[in-house]
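Let me begin by presenting the structure, written as structure tokens, before commenting on it.
The values are calculated or read from the model by the stated rules, or taken from the named source; none is laboratory data. Owing to the predicted nature of the structure, the values given are computational and were not obtained by experimental measurement. Cβ: placed from backbone, ideal geometry, glycine included. Neighbour counts: every protein chain shown. Each accessible area value is taken on the protein alone, full model and side chains, heavy atoms only, with ligands, DNA and RNA left out. Shrake-Rupley method; radii C 1.70, N 1.55, O 1.52, S 1.80 Å.
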Amino acid sequence: MTNHINYLYYLRAPKKSTVGTQHVSVKPNEAPLPVYFRITVDGLRAEFSTSETATADTWNQAKGRLKGTSEKVQIINARLDSFLMKAKKAAQELSDKNKPVSAASIKNQMMGIGEEFHSIVECFENFTKEIKLKIGGDYRIGTLKNYNVTLGHLKEFILDHYHVKDIPLKNLNFKFITEFELMCKTKWECKRASTT
């Protein structure tokens with residue numbers, strides 16, 4: 001039986017909240033919104049953030065891409081194309097292995113969930129455990145404290161940008177590294193080169 005698979009990019013509107021609402025002088029069509037990727041298989045959906053943003057004015061919903069030809073637009077659209085190819089590849093791999101092809105299984109295959117893999121937070125936590133064992137020898141207590149602070153920043157960054165608690169090491173790319181470095185230097189004012 002052939003599954004009916006549909007892929008869609010869309011802008012997710014922010015959830016309305018009456019608590020802590022701030023009045024910002026930005027027109028609705030100019031506010032940046034997260035770009036989400038939705039997989040639908042036989043009527044059942046799975047979706048997640050692409051970590052890209054766009055405004056309603058710059059978004060072409062029919063094409064599921066940003067409007068324009070600037071270098072920035074081309075880079076973002078290329079990333080969205082890459083997501084789509086990755087989803088199609090994941091669906092094909094599941095089919096080739098005679099595994100169930102569903103929206104959730106395609107998403108999990110893309111994210112590396114359910115496979116044997118190492119994740120970024122997992123590796124960082126293991127690293128800090130090793131440092132803790134070497135306190136008094138190779139490392140000092142202050143070093144462990146600094147790495148634990150960085151670990152907290154890493155968890156916050158991944159949750160904020162990818163809306164998950166951890167991501168596979170195989171998904172680590174240059175964009176992840178540069179955005180995390182920028183947040184370390186700006187939001188948390190990390191001055192030490194070792195932290196970055």
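I'd like the full set of residues that are under 13 Å from Ser119 (Cβ atoms), in a helix (DSSP H, G or I) and in contact with an Asp or Glu (Cβ under 7 Å, 6 or more places away or on another chain), limited to the range 152-171. If the condition is that a residue be under 13 Å from Ser119 (Cβ atoms), in a helix (DSSP H, G or I) and in contact with an Asp or Glu (Cβ under 7 Å, 6 or more places away or on another chain), then Ile158 is the only one that fits. For Asp160, state whether it is closer than 19 Å to Arg79 by Cβ and open to solvent by 70 Å² or more (accessible area, probe 1.4 Å). Taking the combined requirement at face value, the residue satisfies it. The set of residues in the range 172-190 that are open to solvent by 30 Å² or more (accessible area, probe 1.4 Å), more than 13 Å from Ser51 (Cα to Cα) and part of a helix (DSSP H, G or I) comprises Phe174, Ile177, Thr178, Glu181, Leu182, Met183, Lys185, Thr186. His118 falls short on exactly one of the conditions (1) on the phi < 0 side of the Ramachandran plot; (2) in contact (Cβ under 8 Å) with a residue 40 or more places away in the chain; (3) in contact with a Ser or Thr (Cβ under 9 Å, 6 or more places away or on another chain), and that condition is (3). A search for C-beta distances below 7 Å between a residue of the range 27-53 that is closer than 14 Å to Ala90 by Cβ and modelled with pLDDT of 90 or more and any residue that is open to solvent by 80 Å² or more (accessible area, probe 1.4 Å) and part of a strand (DSSP E or B), counting only pairs 6+ apart in sequence or on different chains, returns Ile39/Arg45. If you go through the range 87-138 and keep only what is within 24 Å of Phe157 (Cα to Cα), out of contact with any helix residue (DSSP H, G or I) (no Cβ under 9 Å at 6 or more places or on another chain) and open to solvent by 90 Å² or more (accessible area, probe 1.4 Å), you end up with Glu116, Lys129, Glu130.
Checked against (1) among the hydrophobic types (A, V, I, L, M, F, W, C); (2) surrounded by 13 or more Cβ atoms within 10 Å (Cβ to Cβ); (3) more than 22 Å from Glu52 (Cα to Cα), Ile141 meets all criteria but (2). Selection over the range 56-72 of residues that are in a strand (DSSP E or B) and out of contact with any strand residue (DSSP E or B) (no Cβ under 9 Å at 6 or more places or on another chain) gives a count of 0.
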